[in-house]
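Below: one structure, written as structure tokens.
The values are calculated or read from the model by the stated rules, or taken from the named source; none is laboratory data. All figures in this text were calculated on a predicted structure; none of them were measured in a lab. In this analysis, Cβ positions are derived from the backbone assuming ideal geometry, glycine residues included, and neighbour counts consider all displayed protein chains. The area values use the complete protein model at the heavy-atom level, side chains included, leaving out ligands, DNA and RNA. Shrake-Rupley method; radii C 1.70, N 1.55, O 1.52, S 1.80 Å.
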Amino acid sequence: HYRQDFDWGLVSNEIGTPYIVLHRESAFMSSPKGFNWYSGLLKQLNGFKGQHVIVHSEIAREVFVDSGYIASKDISVLGNLRMDEYVTRVKSYNNVHFNKSSHIRKKVTLFSFIHGVGLEALMPQWPENHNRGYVRLFEHVHVSIARLAVQMRDVDFVIKPKWGGSWITKIETVLKENNIDVNKIRNLSILPGTNVHNLIFESDVVCAFQSTTMLEAAIHAVKKVIVPYFDEAKYPEYEGYLHFHDCYHLFDVAHSVDEFEKLIIEGLEKPKRVDEDLLRKRYALFEKYVSSMEGDALDKYVNVINQVIKERQCV
């Protein structure tokens, strides 16, 4: 992903030091057009110059190998290191069959999204042209969260962007344009730095779009996971860029602003445990795109890295 990585690979080869890349998460590969775009990007590069690449999912491995960027023997699918503790924690909670919140005040979390999320092949993160990307969806979803916070003062609402700065400014601006001052809503917080997994555990309702947080929240047996699927999300030209679109039936999908708010209220007022068949399907989806439900990624990484080092030393 970064130009300096190629230099590291070339120099490492020259001095005989194993060069192993731990690939970052790549949710955009989970859409058909995102997969094709990334494959095309890899085809423009002159092949991998190190010893081994470790990716999280079989989808990622497929795009690396099919593009000709790396030989199949030099890439491993080992899952996501940061998921080990979370998976163990979730399974422990699910096995107790809790049906009630473990916290006093109820909480709704929106994992925020940028205008160009998943549309890397078409536009920048925040296109200057507001006729491109998920602009209206961004506005309607964030404004709905703020308005519900005003109406339900006994519930905490959290908006979680991946980073602060301009992203927070975008949220505050769109709320201000709708006559909402976020600073005057005491039960609404914008928290870019908070721990994602702790936030999921603390929440009764999770809202997410184009993010693996959809899958991370979905493996928890007592969470309502809502996906906003309206406005630009239904544009035909963006259909092939929607992450996990073929699995939307495993979530609570809102087809309008009104339905989005209705589902949030329903999740707060009528919490219920996910049935076992649906939970199994969500587990399978998590394993396909994120990590093993065994929570054993760390052990796998250690074994493969040690093996690659050993093989290099024998050369």
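Observations
- For the stretch 202-229, the tally of residues that are within 12 Å of the chain's Cα centre (by Cα) and not hydroxyl-bearing (Ser, Thr, Tyr) stands at 9.
- All conditions but one from (1) closer than 27 Å to Ile145 by Cα; (2) modelled with pLDDT of 90 or more apply to Asn99; the one that does not is (2).
- Subset of the stretch 264-294 (residues that are out of contact with any strand residue (DSSP E or B) (no Cβ under 9 Å at 6 or more places or on another chain), touching a residue at least 12 places away in the same chain (Cβ under 8 Å) and small (Gly, Ala, Ser)): Ser291, Ser292
- Residue count, the stretch 257-309 (criterion: acidic (Asp, Glu) and outside any helix (DSSP H, G or I)): 3
- Selection from the stretch 10-46 of residues that are in a helix (DSSP H, G or I) and of a type in the set (Val, Ile, Thr): Val11, Ile15
- Within the option set Asn46, Asn36, Asn13, being open to solvent by 70 Å² or more (accessible area, probe 1.4 Å), polar (S, T, N, Q) and farther than 30 Å from Val141 by Cα holds for one residue only, Asn46.
- Close Cβ contacts (under 6 Å, 6 or more residues apart or on different chains) running from residues in the stretch 53-65 that are of a type in the set (Phe, Trp, Tyr) to residues that are outside any helix (DSSP H, G or I) comprise Phe64/Ile70; Phe64/Ile75.
- Within the stretch 116-168, the set of residues being open to solvent by less than 10 Å² (accessible area, probe 1.4 Å) and either hydroxyl-bearing (Ser, Thr, Tyr) or farther than 14 Å from Val182 by Cβ (or both) comprises Gly116, Gly118, Leu119, Pro127, Gly133, Tyr134, Leu137, Phe138, Val141, Ser144, Val155.
- So Val253, is it open to solvent by 10 Å² or more (accessible area, probe 1.4 Å), under 28 Å from Pro32 (Cβ atoms) and assigned to a loop (DSSP other than H, G, I, E, B): no
- Which numbered condition Val90 fails, given (1) closer than 29 Å to Ile309 by Cα; (2) modelled with pLDDT of 90 or more; (3) under 22 Å from the mean Cα position of the chain (by Cα): (1)
- Count - residues of the stretch 171-201 that are over 17 Å from the mean Cα position of the chain (by Cα) and open to solvent by 70 Å² or more (accessible area, probe 1.4 Å): 7
- Look at the stretch 165-176: where a residue is over 16 Å from Leu137 (Cα atoms) and modelled with pLDDT of 95 or more, no partner that is open to solvent by 70 Å² or more (accessible area, probe 1.4 Å) and assigned to a helix (DSSP H, G or I) sits 6+ places away or on another chain with Cβ atoms under 6 Å.
- Checking every residue in the stretch 53-76 against the condition of being in a loop (DSSP other than H, G, I, E, B), hydrophobic (A, V, I, L, M, F, W, C), modelled with pLDDT of 90 or more and open to solvent by less than 40 Å² (accessible area, probe 1.4 Å) gives at least one match.
- Filter pass, Ser211 being among the polar types (S, T, N, Q) and open to solvent by less than 10 Å² (accessible area, probe 1.4 Å): no
- Only residues that are on the phi < 0 side of the Ramachandran plot, of a type outside the set (Asp, Glu) and in contact (Cβ under 8 Å) with a residue 60 or more places away in the chain were counted in the stretch 215-252, giving 15.
- Among (1) farther than 17 Å from Val108 by Cα; (2) among the hydroxyl-bearing types (Ser, Thr, Tyr); (3) open to solvent by less than 40 Å² (accessible area, probe 1.4 Å); (4) at pLDDT 95 or above - the single one Tyr289 does not satisfy: (4)
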